[in-house]
Every structure is written in structure tokens, then in C-alpha cells.
Amino acid sequence: MRHIISILLENEAGALSRVAGLFSARGYNIASLTVAPTEDPSLSRMTLVTSGSEAVVDQIRKQLNKLVDVVKLVDLTDNERIEREMLLIKVCAEGDERDEIKRLSDIFRGRIIDVTDRAYTIELTGDGRKLDAFIAVLQSRRILEVVRSGVIGIARGGSACVPDAP
Amino acid sequence: MARGPPTGPTWVSHGCGPRIAALNAIGCACIPVHPLARAPKALKPGPLGWPATVRATWRYTGAIAVIVTQGLDRWRSLSENQGFEKGHKSRGDIALELTGAEIFVRCLHDEGVEYLFGYPGGAVLHIYDALYKQEEVKHILVRHEQGAAHAADGYARSTGKPGVVLVTSGPGATNALTGIATAYMDSIPLVVFTGQVMTHLIGDDAFQEVDAIGITRPCVKHNFMVKDVRDLALIMRKAFHVATTGRPGPVVVDIPKDITAHKTSYTFPQDPTLRSYKPVREGDPMAIRKAADLLVQAKRPMVYAGGGVVLGNAAPELTELVRWLGAPCTNTLMGLGGFPATDPLFVGMLGMHGTYEANMSMHECDVLLAVGARFDDRVTGDLDKFCPNARIIHIDIDPASIQKNVPVEIAIISEAGLAMRDLLAALKATGARLDKAALDAWWRKINEWRARQCLQYDRANTEVIKPQFVLETLYRLTQGDAFITSDVGQHQMWAAQFYKFDKPRRWINSGGLGTMGFGLPAAIGVQLAHPDATVACVTGEASIQMCIQELSTCKQYDLPLKIVNLNNRYMGMVRQWQEFFYQSRYSHSYLEALPDFVKLAESYGHAGLRIDKPHDVEAALKEALGQRDRLVFLDFITDQTENVYPMIAAGAGHHEMHLATDRELA
Ligand SMILES: Cc1cc2nc3c(=O)[nH]c(=O)nc-3n(C[C@H](O)[C@H](O)[C@H](O)COP(=O)(O)OP(=O)(O)OC[C@H]3O[C@@H](n4cnc5c(N)ncnc54)[C@H](O)[C@@H]3O)c2cc1C
Ligand SMILES: Cc1ncc(C[n+]2csc(CCOP(=O)(O)OP(=O)(O)O)c2C)c(N)n1
Ligand SMILES: [Mg+2]
């Protein structure tokens, strides 16, 4: 099953490679991984998407928790959650195509953020399926480049993934 | 260890009066500082390392250096304003202006480190200079960095205290790696300091540069790189804290050379805790009560105890619990000594080369209590056939050990000793005892298995020396009270089977990684920690040659080890597998051109004896054990064809053992 895991990590050199190294050394799947500092500059927030049997995901959580740089881990899969991913996509847009692509982008609530006389660059945010769908729709055109941010997620409601009180 | 008179400060431990005096006398600045005052942090790297711009600035304009200096100045004035708290005399409340190298040595001393196992080189020369100027921390010079790590490991295993290692950058670090991985696999607390090239050279393929943090990452509990001398003391403190608490393990601290030259104030940090690291100690009382209820109803109970009992100093609690239950107890290779081997409740080691009675009891038990054991594949064999009738309770300090290989019914995440203490209390609180009749029937069965005498061998042989006979004799002559280190191979299994350990921390071997070359350097650490004890290294002619150079270290420090070389002129363990599973095609397992070990020992300045007849075994061992002040290398020429039994072939179940009596296998 797919799991989306939120991790608060010490914002230290090497912390990211500890997580990445764990996945490669133990042969765990990793679908996407994003990381950036939080409002507290000493902490990074990582969102990791993985999959496996319950036993394997149980081990993944435990092994991650065991890393000394991991301050807090929450498996968002257990909660009501919001998932978002950003897509930047550059497509050929010439002649009649230009209006058509603009319309498609509007339907998906995308924004054209860069324009040349031959191409559009569109920004689109949503969950993974929505981005997949948009890419599929543009598949018949000439896609020049696709960049996806990887998934970030947050639990709905008042609960927060923050360090435990000391 | 000859050296000139100390030229630098002689550090007086504890109590600050004399310390200040001594340091002032040699002109050291002495800045009082509040113990909690911290320097403002300079720029910090994110998870992806230093941003390129920062690196560039640092290297080409020195701008960062300016920030650091300003920071230091601010900190100093701040510290001075804090004033000196009078009458407060605990360790670490005075700040001294010291170099990183001096702080390094001071920190080791304040941490209570007795021995530092190391080997010098360019990146650690400042530290070696600081070591030269003091006497408190004793440095043991090995002959190869692998030896340093194993020696520190032997020290740690035999004392429970962390082993400490210092090596230089590049090849020093890579040579130590095997020793670090060995400690990691067996959860041994080590703190390994690796020198590193100067900060501004990192990443340039500088001379003797290797990414020590990167290459050690998968085989350490944690590692740290020191980027600022002001962080050094706290990082060292954290390293010791992480290595020795929770599930122990090696921690590497990488120190660039320039850091050891920079100066800063020193206080011994009081609080080593990390917000991201909170090892568990006590288990869930509910789980403990449930475990008691399950155990007390057992008809065929079994206790399977591993290295966690030794690591957690929980042998007394285990012994008391098992005796109360009246249940059979088995130990893993790492757990030997955790339960007294001469106790009638002990059924021997389990697993691939475990006893018939231990493995059969595992197969037939109805409730299994596993303590500080990690269900290793050498123990479980085929997981589908593992303990088919048992409901399992697992006590372990590491949540990740639980359900890793085998599903369990009740998990208690706790220090082994605390959990067993509480479990026994909970058992007593039930007011019930185990069903006596069922237990008697269970023991009748076990005793039938015992009657098979699975460790039998040809004792009466007067022609060739049976390796088991040497170990039995060693056991008898040392009254089971020696420290035994071992290398890896058949001799290791025989030592585990034939030396009956009644106490923990006496059996020192590499189980998880199975590192040939471990035995001799490990024995160095053990003998240093226990100068008056008998320390024997049981080894084979292949293993001993992997760290043979440490005989020289033994000479330098006058370590009277007894080396018991079971010389079968084969990589016996490999030969055994080739005999069983490769139709006796002995591919590269015969050692031609062996050295004359007696002469070899003599050339290192030790005594050597070669023994090739069974009737000389006892006399030779007696002679060697009688030599209290010199190392004796005993080269026993043993039977080349002897195999280790019982044996469970990889992938078989506990009930599918092969015994010596049915020699045919595969
Ligand atoms: C040639 C060869 C043959 C071998 N054959 C066998 C064999 O026949 N039988 C055998 O048993 N082994 C054998 N081994 C060893 C085997 O590979 C493993 O190293 C060993 O079985 C692991 O022992 P363990 O389960 O006790 O775990 P250890 O590696 O000792 O792990 C300790 C466990 O205890 C936990 N722990 C640590 N501290 C505490 C604490 N304070 N409180 C509670 N829990 C704690 C840890 O989290 C861990 O789960 C062999 C090795 C070699 C090289
Ligand atoms: C460093 C290392 N290399 C290879 C092995 C594989 N190995 C395990 S046992 C063994 C043979 C050991 O021979 P010896 O030391 O003579 O012991 P014996 O089995 O003959 O008692 C080998 C090569 C190992 N465990 N460690
Ligand atoms: Mg051999």
C-alpha cells in the first residue's frame, strides 16, 4: 500500500543522505521525497511517499525513527490529510494550439507563467492524480519538459507534526 | 611508552582550584563562563551541505572567518558579563582557552576515558601532540587501524564501557571501517574519531581525503562532523551519549585538522541529550502483565536470550526469572554467559550450530520468551518452520528489532533488565505457578533430547588432536573463569560449544559480521581492561593471520595473552561447507605456505609452542597459563577433517539438524 510519511529532521548536513541511504541499503521503495527548512531554521520538513506491505512499512517507520536526525515522524496515511504537488510543464504552443492549451490550463486551474511565441510554461498544483491527468491531456501535444516537486502533505484539523515537548 | 618529561599543562582532575593554578602557571587564559552559555551559531549548512556561495566565500575572501571572530568576541564579552559563579565546583564550570586538540584530550578525560586505541597520521598530529603532553588518557598504539577498532571493541565488550579509537584521515579511516562495522553488527558502544583534511580542502580530493561520514554512515549508529571548534566538546559528549545509551553502537566523529588548532574556551558540557534521540527504558506495564498471564499458563515454556542481556547487564534478572519459571533457557552466540551455562536449566546455544536439545525445544515449545535477541537467520533457519507451535513474547530495547523477521504476539520495548524485573513481579502477582505436571513432562522430553549427547566427539583419540579436546581442557584448567576471545570459523563454534560461560562479558566474538582477524586485537582490549585476568584468544591459522601484526602491540604493552591456535591447515568452516554442499571440491580453502607460528611468535618477542599429540595438550596449556607475564602462542596441530556438529543447513528447520552420528549431509 502507498504511504505518505511526514518527517521533521534536524537541518544538518548529511541528514538527507541518512534517509536516502536507509532506503537504498534496506531495499525500500521510495516514490518521492521532498525536503525544505521550516519556520524553525534548525528543522527541515520532509515528505516521503513509499509503498510496501504493512510489515515492510512498519519497518520503514521504525528504521526512520531510529535515525538520530529524525525529530518526529507522522504517517499521514492514518489521517485525513491534504496532499499537494506542483508541476511545471513546458509545451510547444504555436498557432491554433495556443488557445487550446490556454483553455486546458484554465480547466485544470493552471497558470501560464512564461510565454514565448513558440511555448508556454504552465504551473499547476494539486494532488498527484490531477497532475497525471493534466500531463495525459497534453501528451498528444509536444511536451518539452516536465518538472514535478514531489508530494508534500499535511494532516487536516488541529493536530500538527511538531517536536514533542522536551 | 617512553617519553620525555611532560612539557605542557598537567591536568588535575575534578575540583577547579588546582586546575586553574596549574594552567595559570603556564600562562593559559582562564575565562569564567556560565555553563549554559553557548556561542552564537555561525552559518549552518542545510541538509544538502553548504550552499555553493558560502563555500566560495569562505575559501576566497575569508568573510566567514570574520563572522566567526565577531561571534567569538561577542561571546567572550557575554561570558565575562555572566561572571563566575563562586563555590560551584562540579566538573566543567570553568572555561579555559584551549586548542581543539587540547579540548579533545580534556573531553576524553572528563568523559572518564581510560584508554584510547589509535594510530597517528597527518590529520591528527595536533591531537597526538596534545596527547604527548598529558598522562591521564593512555594511548595504545596498534599496528593497523582495524586492530585499534577491534581492541577498543574488546575493551567495550568486556567492561560495558565505550571503546575509544583515534585514527587519521583517508587510509586511517578506511582501515578502521571493518572494525566499526563489526561493532555495529553486534551493537557495541564505540566512539571513533577520524582525522579529516582541513576544512577549506574538503571536497577537493585533497591528500588523504575520504568522505568518512559518507563511508561509515551505513555502519554506525550515528556520525558527526565537527565544523567549528566551539562545537567540539558538545559533539564529543553527544557521541558518547548516543554510543552508550539505548541500543548501543559505534559513533564516528570526523574532525578536520584546522579545528584541532583553533582555540576556544572549554567547559565540559553538562547536558549531552539530543531532542531527536530519546531511547526507551521501561516497557508498557500492560504488555508486561499480558506477558505474565501468557507465560504462567505455558505447558512447554522456553526462554531464548541474546546479546541484549549481556549488553544491558541483565544476566542476574534473566537468571532469577528463568529459575522462577523452571523453564529451559537457551542463549544465542552473542548471549552466552547471559545465563550460567552450568545451570541445569541451560540447554546450550541454539541455531545453526546449536545443541540438539536447544533447537528441538525451540521447535516444540508452546510459549517462547525472547529477550534481547534479534531472530537472526543463523538462529531461526527457515522462518516458515520456526517455532511452529509457539506464542511469542519479545523484549527488546530497539523497536525496529520487533517484528523484523518474526511476528510476535506481545512486544515489550524496554531495557532487558527492567522488563524482566517487572515481568517476574507480575508473574508473582498472578498468584499462580506454571503447571507442575506439564513442566515435568516437558523436561522429560528435553532430557531425552539431551541424552543424544550431540556434542560428542572422538575423545579417546591418541593420534590426532581433536580441537574440541583442546577447548575442553582449556575450560577445565581455567575453571571456566577466563576471558575468551575468538576469531571466526570452526574454532569459534567449538569454543562457543565447549567453553561453558557462567558469567557475561567473558565470551568476546564477532557474531553479526563474522570478522576474521577480530580475536587477537580484541584480546588486547580485554587484557588492558583486566590486567590480572587470564585472556585467551581462540583462533585458526587463517583468521590469526588477518591481524597478526598486533603481536607487536602485545609486546609493546607486555600483554600476557594466551593464543590458542587450532591449526587445521584449512579454512575449516569453508572446507566444511565445501565438503557438504560442493562434493568436497576444496576450492581455495587449503592454506599452503603457512608460517612457522612458533618462530613467528618468537620474532615478535613472545614464546611459542607447537603441539601435535593429544597427550601433550594439557601440559602445554598448563605451561602457557602458568606464564603470567608473557604472551604464549600455542600452535595446536589439529585434525584436518573434523566438522562442527550439530548443523542445520541454511534454509532448514530447527528439527532438521544433522548430528555427528549421521555424518552424511546434503
Ligand atoms: C560462523 C558463524 C556461525 C554462527 N552460528 C550461530 C549459531 O549457530 N547460533 C547463533 O545463535 N548465532 C550464530 N552466529 C551469530 C549470528 O550471526 C548472530 O550474530 C547472532 O545470532 C545474533 O545474536 P542475538 O540475536 O543475541 O543478537 P545481538 O546481535 O546480540 O543483538 C542484540 C539484540 O538485543 C537488543 N538489545 C541491546 N541492548 C539491549 C538492552 N539493554 N535491553 C534489551 N535489548 C537490548 C538489540 O536491540 C538487539 O535486538 C554465527 C556467527 C558466525 C560468524
Ligand atoms: C574477513 C573475512 N573473510 C572471509 C570470511 C569467510 N570465512 C569464514 S570462516 C573462514 C575460515 C576460517 O579459517 P580458520 O581461521 O583457519 O578457522 P577454522 O574454520 O579452520 O577453525 C572464512 C574464510 C570471514 N568470515 N571474514
Ligand atoms: Mg583453520
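The values are calculated or read from the model by the stated rules, or taken from the named source; none is laboratory data. From a predicted model like this one, the values you see are computed outputs, not experimental measurements. Neighbour counts are summed over all protein chains in view; Cβ atoms, including those assigned to glycine, are modelled from backbone coordinates with ideal geometry. Surface areas here come from the heavy atoms of the whole protein model, side chains and all, with no ligands, DNA or RNA. Shrake-Rupley method; radii C 1.70, N 1.55, O 1.52, S 1.80 Å.
Some notes on this structure:
- For region A:35-58, the set of residues classified as within 9 Å of another protein chain (Cβ to nearest Cβ) and buried (at least 20 other Cβ atoms within 10 Å of the Cβ) consists of A:35, A:44, A:46, listed by residue number.
- Those helices (runs of 4 or more DSSP H) of region B:524-617 in which at least 3 residues are away from ligand 2 (no atom under 16 Å from the Cβ) and free of Cβ contacts under 8 Å to residues at least 60 places away in the same chain, considering only elements entirely within it, cover B:597-603.
- Elements of the type strands (runs of 3 or more DSSP E) sitting completely within region A:1-55 and holding at least 1 residues that are among the acidic types (Asp, Glu): these cover A:2-10.
- From the options B:366, B:396, residue that is closer than 21 Å to residue B:427 by Cβ, more than 16 Å from ligand 2 (Cβ to nearest atom) and within 14 Å of chain A (Cβ to nearest Cβ): B:396
To keep it simple, each residue is scored yes or no on (1) without any contact (Cβ under 8 Å) to a residue 40 or more places away in the chain; (2) surrounded by 12 or more Cβ atoms within 10 Å (Cβ to Cβ); (3) not aromatic (Phe, Trp, Tyr); (4) not in a helix (DSSP H, G or I).
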{"site": "A:63", "(1), (2), (3), (4)": "no, yes, yes, no"}
{"site": "A:72", "(1), (2), (3), (4)": "no, yes, yes, yes"}
{"site": "A:90", "(1), (2), (3), (4)": "no, yes, yes, yes"}
{"site": "A:102", "(1), (2), (3), (4)": "yes, yes, yes, no"}
{"site": "A:112", "(1), (2), (3), (4)": "yes, yes, yes, yes"}
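- Residue count for region B:172-218, restricted to those that are over 13 Å from the mean Cα position of the chain (by Cα), within 22 Å of residue B:161 (Cβ to Cβ) and within 14 Å of another protein chain (Cβ to nearest Cβ): 1
- The residues listed here are B:487, B:440; of these, the one that is without any contact (Cβ under 8 Å) to a residue 60 or more places away in the chain, within 12 Å of ligand 1 (Cβ to nearest atom) and either of a type in the set (D, E, K, R) or within 14 Å of chain A (Cβ to nearest Cβ) (or both) is B:487.
- Residue ID - nearest to ligand 3 (Cβ to nearest atom), chosen from residues in region B:536-558 that are open to solvent by 10 Å² or more (accessible area, probe 1.4 Å) and aliphatic (A, V, I, L, M): B:542
- The set of residues in region B:618-634 that are touching a Leu at 6+ places or on another chain (Cβ under 9 Å), surrounded by fewer than 24 Cβ atoms within 10 Å (Cβ to Cβ) and among the hydrophobic types (A, V, I, L, M, F, W, C) comprises B:620, B:625, B:632.
- Entry remark, region B:215-239: residues being open to solvent by 10 Å² or more (accessible area, probe 1.4 Å) and either aromatic (Phe, Trp, Tyr) or under 20 Å from residue A:11 (Cβ atoms) (or both) number 10 in total.
- Selection from region B:512-535 of residues that are in contact with a Leu (Cβ under 7 Å, 6 or more places away or on another chain) and either buried (at least 23 other Cβ atoms within 10 Å of the Cβ) or within 25 Å of residue B:453 (Cα to Cα) (or both): B:523, B:524, B:527, B:535
- Of note, residue B:470 satisfies the criterion of being hydrophobic (A, V, I, L, M, F, W, C) and within 14 Å of ligand 2 (Cβ to nearest atom).
- The single condition among (1) within 17 Å of residue B:147 (Cα to Cα); (2) among the small types (Gly, Ala, Ser); (3) more than 16 Å from ligand 3 (Cβ to nearest atom); (4) touching a helix residue (DSSP H, G or I) at 6+ places or on another chain (Cβ under 9 Å) that residue B:512 does not meet is (1).
- Every pair of residues 6+ apart whose Cβ atoms lie under 7 Å, when the first sits in region B:491-518 and is under 13 Å from residue B:339 (Cβ atoms) while the second is in a loop (DSSP other than H, G, I, E, B) and of a type outside the set (Gly, Ala, Ser): B:500/B:342; B:501/B:336; B:502/B:340; B:502/B:342; B:507/B:336; B:507/B:501
Yes or no, residue by residue, for (1) within 14 Å of chain A (Cβ to nearest Cβ); (2) more than 27 Å from the chain's Cα centre (by Cα); (3) away from ligand 3 (no atom under 16 Å from the Cβ); (4) polar (S, T, N, Q):
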{"residue": "B:311", "(1), (2), (3), (4)": "no, no, yes, no"}
{"residue": "B:315", "(1), (2), (3), (4)": "no, no, yes, no"}
{"residue": "B:320", "(1), (2), (3), (4)": "no, no, yes, no"}
{"residue": "B:326", "(1), (2), (3), (4)": "no, yes, yes, no"}
{"residue": "B:348", "(1), (2), (3), (4)": "no, no, yes, no"}
{"residue": "B:355", "(1), (2), (3), (4)": "no, no, yes, yes"}
